[in-house]
Each structure stands twice: as C-alpha cells, then as structure tokens.
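The values are calculated or read from the model by the stated rules, or taken from the named source; none is laboratory data. Everything numeric here is computed off the predicted structure, so don't read it as measured data. Every residue, glycine as well, gets a Cβ built from its backbone with ideal geometry; the counts of neighbours run over all protein chains shown.
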Amino acid sequence: MKIIPEKHILKFKDKGCNNLDICKAMCCKKWDINLAYQEHKSKLYESEAYCSLDRKVCLKPLKSCPQVAYRLKKKDDGSCVYLDKNNRCRIYQKRPIVCRNFTCDNGFKLEPVCSIRQEQDEDVEILSFDAGISLDDKFMLNPYLKLKSFKKEDNGMKLFFTDITSCKDKKIILKGITYFSTKKEAASLLGQFKKPSRLKSVLEKLSIKLSKQDLITLINFLTDEDILIAVF
C-alpha cells in the first residue's frame, strides 16, 4: 500500500480482492450499493427502494418519482447483506452490475473533509429582495410543484401541492389573502408563471382581481414558500 501525495491517491500493491486483509472490503460497507430497476424487479437480490434525498427506505415507491432509487439491503452495521464474516461476497458470481464494474486497482481518491455549510459560505451567492420587489422582476412556477387542491378560509387561502421530489404533499396557508375563491382562480394565477413572467404583464391580466400592492404581497408569500422562483 502506498500514498501518492501529489495526486491525493491511496493505492494498494496488489490488485482487486487480494487486499482484503488490509481494506476489509471497505467498498461493501457504509455505502449504498445501487441496483438498476430491472435488477431490483428481478427479485434475484435482497433489495429495497429508497429516497435519494434523505437515504431512507421508501415504503411506497413510485417508478415515476425522480428521487426513487434501489439498493442492496444492509446489515445492522451498515455493510452489504451479502458480505460474510471473512469480508467476502456470498454472491460474487452473480453480483450486481455496479459491483462488476467497480475496481479499486487505480487506488482511492483522498479528499479533505469539509461541511456543506463551509462550501456554501465560500461559493454560493445568496440573493434576496431586500430592496423590494419590482414589477419588472420575473418569476416562474417551481417545476416540481403542481396545484392539487384549494380551500378558501375565513382569512386566507389554503393550497395543497403535489411535490414530485417528496412523498408528501406541500401545504401552504396564505393568511390575509382572499383574492381567489376557487381552485380554478388560484390555478389561473399560477398558470401565469409556467414560463418566466414579468410581474407587470401578470398584473395587467389580473388587474380586476389584484392591485399592485396586493400582487407584490402575494408574490412575497409565494416566493417565501418556494412556490415561485425568482428569475435573474
């Protein structure tokens, strides 16, 4: 085993699984061993569906969900269900495609550990509307949301959205906003933002229902709830 400092790489002297005494099958531990949908469906493996966002098991997976993924099940210690006590694969001859394609012969890349928060502080510019929203600003509807239902309340509106990135509906309550009384009217508003739209043009279409200040208030609500996305 040797380290190549200039390339930040750890390499083993021998190839493949001849290094088990040293590496202890690290490639079969702690990681998700992903399967193709066909492999999962074949029932050849002890597998499970999971959410790629939070890594948790998905009990009601939808094939159409862009976040659903499939993996081999794990033992309590996080290692692959097929890894035996000698760190060898019990299904090596019929192992999944991802295992067949994996090789450690070129070594492992060593990377510094830093938090996501640190990376964001350095690289991400946070945009806000501290100076206020202008009618010349453009907004678009969050493409992952679709209005599912609408309920008018005494002092506002309650909207439910189907969120394709989550197994749960997104619910928002717009208190103090009573411009719309039906789902059709709420959908009509949101439909104005299916492509990047300037608030000035939206106000022209909805001027019977909304004043300029009411529209600005509504846009503030919808952007705070990630229903609308500002386009710069």
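List of remarks:
- Within region 144-154, the residues that satisfy the criterion of being surrounded by fewer than 17 Cβ atoms within 10 Å (Cβ to Cβ) and within 19 Å of K184 (Cα to Cα) are K146, K148, S149, K151, K152, E153, D154.
- Checked against the criterion of being crowded, with 17+ Cβ neighbours inside 10 Å and farther than 25 Å from K168 by Cβ, the candidates N19, N34, N101 yield just one match: N19.
Quick grid of which residues meet (1) outside the structural domain of K168 (by TED's automatic domain parsing); (2) modelled with pLDDT of 90 or more; (3) farther than 18 Å from N101 by Cβ; (4) among the polar types (S, T, N, Q):
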residue: C27; (1), (2), (3), (4): yes, no, no, no
residue: K43; (1), (2), (3), (4): yes, yes, yes, no
residue: A69; (1), (2), (3), (4): yes, yes, no, no
residue: C80; (1), (2), (3), (4): yes, yes, no, no
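- The set of residues in region 180-191 being buried (at least 17 other Cβ atoms within 10 Å of the Cβ) and assigned to a loop (DSSP other than H, G, I, E, B) consists of F180 alone.
- Some residue of region 191-203 being over 15 Å from D137 (Cβ atoms) and of a type in the set (A, V, I, L, M, F, W, C): no
- Entry remark, region 192-232: residues being within 18 Å of F161 (Cα to Cα), β-branched (V, I, T) and assigned to a loop (DSSP other than H, G, I, E, B) number 1 in total.
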